[in-house]
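Okay, so here's the structure we're looking at.
The values are calculated or read from the model by the stated rules, or taken from the named source; none is laboratory data. Worth saying up front: this structure is predicted, and the values here are computed from it rather than measured. So basically every Cβ, Gly included, is an ideal-geometry build from the backbone, and we count neighbours across all protein chains shown.
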Amino acid sequence: MQHFISVDQLKPKEIYGIIETAEQFRHKNLKLNDQLFAANLFFESSTRTKMSFVVAQRKLGFEVLDFHKASSSTNKGETLYDTAKTFEAIGANLLVVRHQDDDWFKALMDHISIPMINGGAGKVEHPTQCMLDMLTIYQEYGTLKDLNIAIVGDIKHSRVARSNVNALKKMGANVYLCAAPGFEDMTIQAPYITIDKAVKICDVIMLLRIQHERHEAQLETTENYLYNYGLTKEREKRMKKDAIILHPAPINRDVEIDTDLVECERSRIFKQMNNGVYVRMAIMTELLQEWGIINENSIEKHKNVITYQRTKSV
Ligand code: NCD
């Protein structure tokens, strides 16, 4: 893995390897001995992704360099490329980038000589969200294979949908899409079904926010959106016995999901956020090892830690 831009880069075995390493990080407090700097260059708003990267970095012992778009030289016209090169020059060892351009990474990939992680690219990719979603599903079912998974909502404008469809299909899941008219995207290769069919057959219902900020035209989302296309309390009752509810958040309560379901027994929404910390620790450690920035001796082993098993690439 040179930079972590898309889950498409990973083979199923590597995906399971990251899931396994994330679980190790949850149970064992492993820190890096070396002084390492991480910078999170978020050019779009973020609460969960940015803050869980910060927590993951601090747990690993990174010094986290503060970057805020609003007070940075971005306001003086500096490009993403020059911003990234600046952080590389001043000694950052790892960059996390979130940017509104679908392909922001293309201009940077061959010119930045420290590992970069995609924290969200326009409408197309959100690989660390996808990894934490897969970890959350795996914790329930012990596999991703043959599960029926519905991704429900504003498919057209969602990078979470795109990352997840490809990755979950690769892992052997049966992926379905549900969308209101105008929210479909026929370039994504998965069958559309109704939300009523989805609750009947699916093991996982993954809801998405309506991404108003990405709509070219103001698509009308009427008061009936929840009733027609969302997860109501009545539909939740018709879900399969052990089926779970996911949502990358932020949540629009009472739009895509009834507010009473956000913390219901089936909901794993806050679990997903918790998993995000450990998955991000696993991805960062994996990259740093592949780049030769750390080796296994750099991992400070705490009490009760048996060994740190690096996930081998296949
Ligand atoms: C998502 C994002 O920003 O792509 N949120 C997240 O990272 N947890 C989804 C969204 O904004 O709706």
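Some values worked out for this structure:
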read-out: Near pairs, Cβ below 8 angstrom, 6+ apart or cross-chain, from the stretch 46-71 (in a loop (DSSP other than H, G, I, E, B)) to any residue that is surrounded by fewer than 16 Cβ atoms within 10 Å (Cβ to Cβ); value: T47/P250; G61/K31; G61/N33; G61/E300
read-out: Total residues in the stretch 77-135, condition on the phi > 0 side of the Ramachandran plot and surrounded by 14 or more Cβ atoms within 10 Å (Cβ to Cβ); value: 2
read-out: Of residues in the stretch 235-253 being of a type in the set (V, I, T) and free of Cβ contacts under 8 Å to residues at least 60 places away in the same chain, the one nearest to the ligand (Cβ to nearest atom); value: I251
read-out: Any chance K156 is surrounded by fewer than 24 Cβ atoms within 10 Å (Cβ to Cβ) and in contact with a Pro (Cβ under 7 Å, 6 or more places away or on another chain); value: no
read-out: Considering residues of the stretch 40-63 that are crowded, with 20+ Cβ neighbours inside 10 Å and under 18 Å from the mean Cα position of the chain (by Cα) only, the residue farthest from the ligand (Cβ to nearest atom); value: Q57
read-out: Test: residue in the stretch 281-304 that is within 16 Å of the ligand (Cβ to nearest atom), at pLDDT 95 or above and of a type outside the set (K, R); value: yes
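For (1) touching a residue at least 12 places away in the same chain (Cβ under 8 Å); (2) within 16 Å of the ligand (Cβ to nearest atom); (3) surrounded by fewer than 24 Cβ atoms within 10 Å (Cβ to Cβ), each residue gets a yes or a no:
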| position | (1), (2), (3) |
| --- | --- |
| I151 | yes, yes, no |
| V160 | yes, yes, no |
| V165 | yes, yes, yes |
| G172 | yes, no, yes |
| A179 | yes, yes, yes |
| A190 | yes, no, yes |
| I193 | yes, no, yes |
